[in-house]
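Everything on this sheet refers to the single structure shown next.
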Amino acid sequence: MGSTGVVTDITDLKQAQEALRKNEALLGSILRTAPIGVGMVQDRVLGWVNEGMTVLTGYEGHALRGKNARILYPDDEEFERAGRKAYDEIAANGRGRSRRAGSAKTGPSSTCK
């Protein structure tokens, strides 16, 4: 009779998971409470948005999720221009950054950097 076993020390893994959890919580609280509109967009479709984005657009957060980002632009021409610029940057650099600015009174404007 006998047995064979393997013991693995997962202390480092658990510490890394806890650090990740804390960083995600911190980032989430920063994004939720930011005094500006912040949203996550993938393939030009809105996902998560903070309260500032709902104030900026006049839409409730749940109403924005799944919507085409086109609703944030004043017209189709600006939406297409911003998209071309962002996708050109992604093709050139492997990543892109989009920054949108505006207010509920003046309507959204767009710059991509």
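The values are calculated or read from the model by the stated rules, or taken from the named source; none is laboratory data. Keep in mind that this is a model prediction, so the values were computed, not measured. As a convention, Cβ positions derive from the backbone with ideal geometry for all residues, glycine included, and neighbour counts pool all protein chains shown. Just so you know, the surface numbers come from the protein's heavy atoms only, side chains and all, with ligands and any DNA or RNA stripped out. Shrake-Rupley method; radii C 1.70, N 1.55, O 1.52, S 1.80 Å.
Say whether the condition of being touching a residue at least 24 places away in the same chain (Cβ under 8 Å), open to solvent by 60 Å² or more (accessible area, probe 1.4 Å) and in contact with a strand residue (DSSP E or B) (Cβ under 9 Å, 6 or more places away or on another chain) is met by at least one residue in region 27-36. Taking every residue of region 27-36 in turn, none turns out to be touching a residue at least 24 places away in the same chain (Cβ under 8 Å), open to solvent by 60 Å² or more (accessible area, probe 1.4 Å) and in contact with a strand residue (DSSP E or B) (Cβ under 9 Å, 6 or more places away or on another chain).
Any residue at all in region 6-22 that's within 20 Å of the chain's Cα centre (by Cα), free of Cβ contacts under 8 Å to residues at least 24 places away in the same chain and part of a loop (DSSP other than H, G, I, E, B)? Within region 6-22 (the criterion being within 20 Å of the chain's Cα centre (by Cα), free of Cβ contacts under 8 Å to residues at least 24 places away in the same chain and part of a loop (DSSP other than H, G, I, E, B)), the answer is no, since none of the residues qualifies. Is it the case, given these coordinates, that Val49 is surrounded by 10 or more Cβ atoms within 10 Å (Cβ to Cβ), of a type in the set (Val, Ile, Thr) and touching a residue at least 24 places away in the same chain (Cβ under 8 Å)? No: the conditions fail for Val49.
Screening Arg70, Arg99, Arg84, Arg95 for residues that are open to solvent by 80 Å² or more (accessible area, probe 1.4 Å) and modelled with pLDDT of 85 or more leaves exactly one candidate, Arg84.
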